Amino acid sequence: MVRIALMLTVAGVLAACTTQPTVTKQRMTLAEANIEGLECRNEKPIGTNFGRTVCASPEAWKKFDAAARYENDLAFQKARTTANVGTFNRQ
């Protein structure tokens, strides 16, 4: 009796693994999703060749762009203040 129950359990698990998932992937536009006023940008993260689409409000993109500009300015400012004289035995 235990063997039969075990065999039925294994058969059920194997049958569940072979069935197709019910979730399907669909593409839709913002208008179809009733999302208006969003700005979408394509980005490719560093270290990958696969791009992705990121959507946000124009206000959020303004904050993101301002933060990126600030970080770039800090990096360039640090590079300008670092002396390059004497590096690599140059006088």
(request) Could you figure out which of (1) modelled with pLDDT of 70 or more; (2) of a type outside the set (A, V, I, L, M); (3) not in a loop (DSSP other than H, G, I, E, B) isn't true of Gly12? (result) (1)
(message) Can you pull out every residue in the range 50-77 that is at pLDDT below 90 and assigned to a helix (DSSP H, G or I)?
(response) Pro58, Ala75, Phe76, Gln77
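The values are calculated or read from the model by the stated rules, or taken from the named source; none is laboratory data. Just so it is clear, the structure is predicted and the values come from calculations on it, not from any experiment.
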